[in-house]
Amino acid sequence: MFDKLDQIFVTALHWLVGFLPEAWGPYVSPLICIAFILSVFPGLFALVTVIERKGLGRIQNRYGPNRVGPFGFLQFAADGVKALIKEDVVPRAADKLVHFLAPVVLLIPVLLTYAVLPFGKNMVLADYDAGLLFFLAVGGAVEVSVFMAGWSSHNKYSLLGAMRAIAQMLSYEIPLILSAVTVVMMVGSLNLSEIVKHQDHYTFGLAHWHVFTPWGLAGFLLFIVASLAESNRTPFDLPEAESEIIAGYFTEYSGFKFALFFLGEYLGMFAIAGLGITLFLGGWTAPFSCLTWIPSYVWFLGKLLGIVFVFIWIRGTLPRLRMDQLMNLAWKFMLPLALLNIVVAGIWHYMGPDWQHMRWLVCSAILAAAYAMLGLGLMQNQKLGKRVYKFAE
Amino acid sequence: MPIAFILTAVVTLLAAAAAMSLRNLVHCALMLAVSFSGIAAIYLQLNAEFVGFTEILVYVGAIAILIVMAILLTRSGETPDKSVLTSGWMAGIVVTVFVFVLLGWAVLNSSALPQTMAPAPHATVKNIGDVLMTKYVLPLEIIALMLTAAMIGAVVIAYREEAPKTKREEGIPIPPRDSLLPPPSPTGEKA
């Protein structure tokens, strides 16, 4: 019964394809999957924009959107219609073709990344042997579109935003990839379905998620910080810091092109959160063996919403970093920790299950010592002390 | 010839030609990125997943960005008025065609070419990793060492942390502070 509920989408797909001639199957079934992805995730985007605005309102002691529809949850429809009927302003000095292509080029790689994510048991569109590499490679192509948007607008704020965005994305891609490498070492495969399967067994009712190991926890934290920076969200929202450079690389975009940038950014955030879930949080598996009857896609979506909630929380809580702080964090703190984490994962593997308690102790001690010493060492040069107000007192 | 190959080949070649002939350097760099993606697509059609994805990761994600950053940092984005073709372009084409024909003829008639096609090996990522870590571990380590040396060299060249000189140190005369203020009005009223 529960198994059938778990596989309901897979069964429905086979049932639908069964109506067509057999030769059409390999062409039609990916199309249906693509339509599914194209409807679910932009729908999730619409909901999350409202949830984010309401959550930020809650944090900032105000109401947030509450006029359109029940509790303001139809606000996204009003915003979408507004974006569609707005005038599409293109600056006279802009490079028209590149300016037009930039939002399109942003959406293509972001949507391509969804092809390899396993949303549930047997629910993956393209089960590539090198799925993780595909995700990272295609995700890296986003930078080209950011540059196109910033350069073609012929506006110094746009160009500054694009430069900041590219510097930030290139820097944080390294800790992101290095923290994912530990998982690849442990599983021995770049295939995302294999990685989920490796975490799908239980001892004493608790799942073997990678996050429940010292290297996995460190890798997960590094991954989440790097993915915040990759998706340009607070505290890493320098590329579009509205108080400094208006809106960064999409300053000169209006109407639905602006909405496309917004959509691309949120879809990128969901995709990278989904990758984090797949690598460290067990993908579509349940945390406790007594909860495995809940369908796998519900788990995936639930974890995704949980991470998005944390992202909204961070956005409401932390102030924006300065450019030098951003680069220091990436190169002096996260990169050494990520490299050390690879070594720790190797130690964990070679100590083996015979040294179960010992390897927990050793690996945690190495990581904690490195974290504390790096942090203290970097803080010493910063001359941080009690905040002194020059004029406000 | 499958239609997918013809399409990607045409796109790749057109993009490469545009990358050579467009006037605006940034446009050229973007067309180069398109051409890199086309090459990656051709690798994928040959079932070389790893090489195809690495092509996108390295060339589209990093090299293309490096090129546009270099263009932006070294010269203004203005397009030159004169044509990109030099005066001797006709002779250039003749020489190019001649060299291509010669090389093609030499390669096709070479006795080193195997007469029968070897069967395509099944190269998974795991196989590539195994071979890199066993048979080709020495070249891999040498490349890693060279890249590290190059990176350290780049950091050493770029690492000059000097405090910017003040005007006084550069010997620029600083006007007295009073001369910057407007002259006081004789009646003592506020202007």
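Derivation of every value follows stated rules applied to the coordinates shown; laboratory data play no part. On a predicted model such as this, the values are computed, not experimentally measured, just so you know. Counting neighbours? That spans all protein chains shown, and the Cβs are built from the backbone with ideal geometry, glycine included.
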I'd like to know if the stretch A:322-331 contains one or more residues that are in contact with a Ser or Thr (Cβ under 6 Å, 6 or more places away or on another chain) and surrounded by 18 or more Cβ atoms within 10 Å (Cβ to Cβ). yes
So which of B:Leu30, B:Leu57 ends up being within 11 Å of the chain's Cα centre (by Cα), crowded, with 21+ Cβ neighbours inside 10 Å and within 23 Å of A:Glu230 (Cα to Cα)? B:Leu30
Report whether or not A:Met163 is more than 24 Å from A:Trp299 (Cα to Cα) and buried (at least 22 other Cβ atoms within 10 Å of the Cβ). no
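Yes or no: the stretch A:184-196 includes at least one residue that is under 14 Å from A:Gly283 (Cβ atoms), more than 9 Å from chain B (Cβ to nearest Cβ) and free of Cβ contacts under 8 Å to residues at least 40 places away in the same chain. Steps first, answer last, please.
Narrowing the stretch A:184-196 to residues under 14 Å from A:Gly283 (Cβ atoms): A:187, A:189, A:191-196.
Add one more test, that the residue is more than 9 Å from chain B (Cβ to nearest Cβ), and what stays is A:187, A:192-196.
Now narrow it down to the ones that are free of Cβ contacts under 8 Å to residues at least 40 places away in the same chain: A:187, A:194.
There is at least one residue in the stretch A:184-196 that is under 14 Å from A:Gly283 (Cβ atoms), more than 9 Å from chain B (Cβ to nearest Cβ) and free of Cβ contacts under 8 Å to residues at least 40 places away in the same chain.
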Could you grab me the full set of residues in the stretch B:33-46 that are more than 25 Å from A:Leu176 (Cβ to Cβ) and facing chain A (nearest Cβ under 10 Å)? B:Val34
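Specify which of the listed residues (A:Leu160, A:Leu107) is farther than 17 Å from A:Ser231 by Cα, touching a residue at least 60 places away in the same chain (Cβ under 8 Å), in a helix (DSSP H, G or I) and more than 9 Å from every other protein chain (Cβ to nearest Cβ).
Of A:Leu160, A:Leu107, the one residue that is farther than 17 Å from A:Ser231 by Cα, touching a residue at least 60 places away in the same chain (Cβ under 8 Å), in a helix (DSSP H, G or I) and more than 9 Å from every other protein chain (Cβ to nearest Cβ) is A:Leu160.
Within the stretch A:352-362, is there a residue that is over 24 Å from A:Met185 (Cβ atoms) and either outside any helix (DSSP H, G or I) or in contact with a Cys (Cβ under 7 Å, 6 or more places away or on another chain) (or both)? Break it down into steps so the answer makes sense when it comes.
To start, the set of residues in the stretch A:352-362 that are over 24 Å from A:Met185 (Cβ atoms) comprises none.
Looking for residues that are over 24 Å from A:Met185 (Cβ atoms) and either outside any helix (DSSP H, G or I) or in contact with a Cys (Cβ under 7 Å, 6 or more places away or on another chain) (or both), one finds none in the stretch A:352-362, hence no.
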Could you go through the stretch A:73-90 and let me know if any residue there is of a type outside the set (S, T, N, Q), surrounded by fewer than 16 Cβ atoms within 10 Å (Cβ to Cβ) and under 30 Å from B:Val60 (Cα atoms). yes
Taking the stated definitions as given, is A:Leu190 outside any strand (DSSP E or B), farther than 18 Å from A:Trp360 by Cα and not hydroxyl-bearing (Ser, Thr, Tyr)? yes
Filter result for the condition that a residue is touching a helix residue (DSSP H, G or I) at 6+ places or on another chain (Cβ under 8 Å), within 9 Å of chain B (Cβ to nearest Cβ) and surrounded by 23 or more Cβ atoms within 10 Å (Cβ to Cβ), over A:Gly131, A:Gly139: A:Gly139
Can you name the number of the only condition in (1) under 25 Å from A:Ala130 (Cα atoms); (2) more than 14 Å from every other protein chain (Cβ to nearest Cβ) that B:Gly52 fails? (2)
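Yes or no: the stretch B:29-51 includes at least one residue that is outside any helix (DSSP H, G or I), under 28 Å from B:His122 (Cα atoms) and polar (S, T, N, Q). Break it down stepwise before answering.
As a first pass, look at the stretch B:29-51 and keep what is outside any helix (DSSP H, G or I): B:46-48.
Imposing the further condition that a residue be under 28 Å from B:His122 (Cα atoms) reduces the set to B:46-48.
Subset that is polar (S, T, N, Q): B:47.
Yes; the residues of the stretch B:29-51 include at least one that is outside any helix (DSSP H, G or I), under 28 Å from B:His122 (Cα atoms) and polar (S, T, N, Q).
When the residues of the stretch A:284-318 are narrowed to those that are of a type in the set (Ser, Thr, Tyr) and assigned to a helix (DSSP H, G or I), which ends up nearest to A:Gly274 (Cα to Cα)? First the steps, then the outcome.
As a first pass, look at the stretch A:284-318 and keep what is of a type in the set (Ser, Thr, Tyr): A:285, A:289, A:292, A:296-297, A:317.
Checking which are assigned to a helix (DSSP H, G or I) leaves us with A:289, A:296-297, A:317.
Working: A:Ser289: 22, A:Ser296: 14, A:Tyr297: 12, A:Thr317: 23 Å.
Once the filter is applied, the top-ranked residue is A:Tyr297.
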Working only within the stretch A:91-111, note down all residues that are surrounded by fewer than 18 Cβ atoms within 10 Å (Cβ to Cβ), among the aliphatic types (A, V, I, L, M) and either touching a Phe, Trp or Tyr at 6+ places or on another chain (Cβ under 6 Å) or over 17 Å from B:Ala33 (Cα atoms) (or both). A:Ala93
Exception for A:His201 within (1) surrounded by 24 or more Cβ atoms within 10 Å (Cβ to Cβ); (2) more than 14 Å from chain B (Cβ to nearest Cβ) falls at (1)
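May I ask you to list the residues in the stretch A:265-290 that are of a type in the set (Val, Ile, Thr) and over 14 Å from the mean Cα position of the chain (by Cα)?
Residues of the stretch A:265-290 that are of a type in the set (Val, Ile, Thr), as a first pass: A:272, A:277-278, A:285.
Selection gives A:Thr285 alone.
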Matching entry among A:Gly274, A:Gly316, A:Gly306, A:Gly282 (being of a type outside the set (Ser, Thr, Tyr), under 28 Å from A:Leu170 (Cα atoms) and touching a strand residue (DSSP E or B) at 6+ places or on another chain (Cβ under 6 Å)): A:Gly282
So for the stretch A:133-153 (the condition being outside any helix (DSSP H, G or I) and in contact with a Leu (Cβ under 8 Å, 6 or more places away or on another chain)), does at least one residue qualify? yes
Looking only at the stretch A:339-358, decide whether some residue is among the small types (Gly, Ala, Ser), closer than 17 Å to A:Pro235 by Cα and touching a residue at least 12 places away in the same chain (Cβ under 8 Å). no
Meets criteria (of a type in the set (Gly, Ala, Ser) and more than 17 Å from the chain's Cα centre (by Cα)) for A:Ser227: no
